[in-house]
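Undergrad: This is the structure I have questions about; it appears just below.
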Amino acid sequence: MINRVAISIMAILLAAGAFAADLTDAQRAAIEERIKPVGESCLEGDNSCGAPAVAAAPAGPRSGEEVYNAACLACHSTGAAGAPKVGDAAAWADRIAKGTDVLYVSGVEGVPGTGMMAKGGCMSCSDEEIHAAVDYMVVNSQ
Ligand code: HEC
């Protein structure tokens, strides 16, 4: 009696095992699709989960020209507030003579007591980007 029960159980288990092993790849995929978690996390940078999950970070520092156009041009193209105009070699000669490092400091820290604020007011600009903008202004003012 006990033996028969054990054999029946074994037979059932074998059948179940056989059933599981007989699944085709398509059936297996269908089952996996049905039992997959509802919310799948999509790691940043993984483009395989449909729409980009996170807006891509800016691809590196902006160029000097981009920073200039966005943050410096308002004053430095018009001479507003007494700013030396880009392209005005005479207005820049003495400044350029101070050396690029001095101008970098002016760009990043501003010139106290003047309209030249720290980073020209561009607080999202990195020091590196400000340096690039200064380079751009100097190159175009010689
Ligand atoms: C609100 C107006 C304004 C904006 C915006 C502005 N500047 Fe200026 N900038 C000035 C003024 C005014 C001066 C002249 C300061 C002085 O009297 O030496 C100046 C001077 C400078 C100088 C020369 C400093 C020196 O030591 O001779 C540099 C370099 C400079 N600006 C870089 C920048 C950069 C880079 C940006 C943009 C990221 C920028 N500025 C945005 C007003 C501005």
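Undergrad: Since Val134 meets every condition but one in (1) assigned to a helix (DSSP H, G or I); (2) closer than 14 Å to His76 by Cα; (3) out of contact with any Gly (no Cβ under 6 Å at 6 or more places or on another chain), which condition does it not meet?
TA: It fails just one condition, (3).
Undergrad: Is there any pair linking a residue in the range 67-87 that is in contact (Cβ under 8 Å) with a residue 24 or more places away in the chain to one that is hydroxyl-bearing (Ser, Thr, Tyr) and within 6 Å of the ligand (Cβ to nearest atom), with Cβ under 7 Å and at least six apart or on different chains, and which?
TA: Gly82/Thr114
Undergrad: Could you count how many residues in the range 103-118 are part of a helix (DSSP H, G or I) and either near the ligand (Cβ under 6 Å from one of its atoms) or touching a Pro at 6+ places or on another chain (Cβ under 8 Å) (or both)?
TA: The total comes to 3.
Undergrad: Let me ask another. What is the residue count in the range 86-98 for residues that are part of a loop (DSSP other than H, G, I, E, B) and under 17 Å from Tyr136 (Cβ atoms)?
TA: Residues flagged as part of a loop (DSSP other than H, G, I, E, B) and under 17 Å from Tyr136 (Cβ atoms) within the range 86-98 amount to 3.
Undergrad: Can I ask one more? What number goes with the only condition from (1) out of contact with any helix residue (DSSP H, G or I) (no Cβ under 8 Å at 6 or more places or on another chain); (2) within 9 Å of the ligand (Cβ to nearest atom) that Arg95 does not pass?
TA: Checking Arg95 against (1) out of contact with any helix residue (DSSP H, G or I) (no Cβ under 8 Å at 6 or more places or on another chain); (2) within 9 Å of the ligand (Cβ to nearest atom), the one that fails is (1).
Undergrad: (1) near the ligand (Cβ under 7 Å from one of its atoms); (2) within 26 Å of the chain's Cα centre (by Cα); (3) modelled with pLDDT under 95: which one isn't true of Ala53, the others all being true?
TA: Every condition holds for Ala53 apart from (1).
Undergrad: Okay, next question. I'd like the full set of residues that are closer than 12 Å to Val134 by Cβ and more than 33 Å from the chain's Cα centre (by Cα), limited to the range 85-98.
TA: Selection gives Trp92, Arg95, Ile96, Lys98.
The values are calculated or read from the model by the stated rules, or taken from the named source; none is laboratory data. Computed from a predicted model, the values in this text were never measured in an experiment. For neighbour counting, all protein chains shown are included, and Cβ atoms are generated from backbone atoms with ideal geometry for every residue, glycine included.
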